[in-house]
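Encoded as structure tokens, the structure appears first; notes follow it.
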Amino acid sequence: MSDNASAPTTPTPPTPLTLLGLGAMGTALARTWLAAGHPLTVWNRSPGRSIELALRGVRVAATAAEAVAASPLVVTCLLDDASVREALADADLTGKDLVDLTTSTPTESHARAVWAAGRGARFLDGGIMAVPPMIGAPAAGGYVLYSGTRALFDEHREVLAVPAATRYVGTEVGLAALYDVALLSAMTAMFAGARHAFALVEEAGVDEKEFGGLLADWLAAMAPATAGFGAAPSAEDATSPAVAEAGDAALLRTARERGVDTALLIASAGSVAGI
């Protein structure tokens, strides 16, 4: 053998981790980590949700404290911030890395980071921008936002990237929660607008499936324009106030003619003549 021949390298074993929460999203996360070969310990308030995973070799802990003790990396995907606090109340977090993927406010995330540090843990804030079918499906476009210490994120980036792409948004804890809620707010308003659109045509005898296709295509075509809301419009892009006001007023008149609530339009249009 040549003196320059390199010795074979030993592959790094998959990182073990604990997951608290087996709702639809938590179960999807668990399946992807399991499929990637990561030793996984799970806990859920309702034990019945863990049966399938147990049959596939996942360790099911009887308590959240037991689950936390099993792994250095602990991921929470629970209902809300209060659920996280309750689940971890009796757990020893000393030396643990806690990644919270539970939807929360920036203030709650910051408080949770301080709380975790006081109990000896490092903390990463996360926000899942995906629905369960998008988890483990890279082409679906889902991703998870993270904020907190960059070194901690980099340390766990590989395992965190297994379920979905990762997007690090800054060192300030709570930024991931802020991005998450801001993006979800826009989505909520879009869905509200879609429901409003269907309400307008509900009694017109239109083909709802055909109309739904038109609506989806129209929203997709308009979506790139949303990026411009973060900057002042150029002279070429700006719509004259008179044109915008007339358009908004027509939307309101149509809604009233069709007997559809105008609260959504009034909230989005602001001050419109004739309201």
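The values are calculated or read from the model by the stated rules, or taken from the named source; none is laboratory data. Nothing here was measured: the structure is a model prediction, and the numbers come from that model. Cβ atoms come from the backbone with ideal geometry, glycine included; neighbour counts cover every protein chain shown. Side chains are part of the model used for accessible areas, which takes the heavy atoms of the whole protein and leaves out ligands, DNA and RNA. Shrake-Rupley method; radii C 1.70, N 1.55, O 1.52, S 1.80 Å.
Remark: the chain carries 57 Å² of accessible area per residue (probe radius 1.4 Å; ligands, DNA and RNA excluded). One decimal place: the segment GLU172-ALA204 gains 6.5 nm when fully extended, by the rule 0.36 nm per residue minus the C-alpha distance.
If r is the Cβ-Cβ distance from VAL131 to ALA267 and R0 is 35 Å, what FRET efficiency results, to the nearest 0.05? Once rounded, the FRET efficiency stands at 0.85. For ASP217, the solvent-accessible surface with a 1.4 Å probe is about 110 Å², rounded to the nearest 10.
Computing volume of the Cα convex hull per residue in Å³ directly from the structure and comparing it against (i) 153; (ii) 113; (iii) 230 singles out (iii). Each label was represented as a point 7 Å from its Cα along the Cα-to-Cβ direction; for SER83 and ALA244 these points are 4.0 nm apart. Subtracting the Cα-Cα distance of ALA194 and LEU214 from 0.36 nm times their residue separation leaves 6.1 nm of extension gain.
In this structure SER50 has an accessible area near 10 Å², from a 1.4 Å probe over the protein heavy atoms.
Over the chain, Cα pairs under 8 Å with separation of 6+ residues give a relative contact order of 12 percent. Accessible area of LEU40 (1.4 Å probe, protein heavy atoms only, ligands and nucleic acids ignored): about 10 Å².
Summarising the strand pairing of the chain, around 20 percent of its internal DSSP beta bridges are antiparallel.
You can think of it this way: the chain between GLU158 and GLU257 has 30.1 nm of extra reach, that is 0.36 nm per residue less the Cα-Cα gap. Give the calculated FRET efficiency between ALA117 and SER46 to the nearest 0.05, with a Förster radius of 35 Å applied to their Cβ-Cβ distance. Plugging the Cβ-Cβ distance into 1/(1 + (r/R0)^6) gives 0.70. Across LYS96, LYS209, the residue with the most accessible area heads the list, and the full order at a 1.4 Å probe is LYS209, LYS96. Within the accessible surface of the chain, defined with a 1.4 Å probe on protein heavy atoms only, the carbon and sulfur portion equals 59 percent.
Efficiency by 1/(1 + (r/R0)^6): what FRET value for ASP92 and ARG150, r their Cβ-Cβ distance, R0 = 25 Å, to the nearest 0.05? Efficiency at R0 = 25 Å is approximately 0.40.
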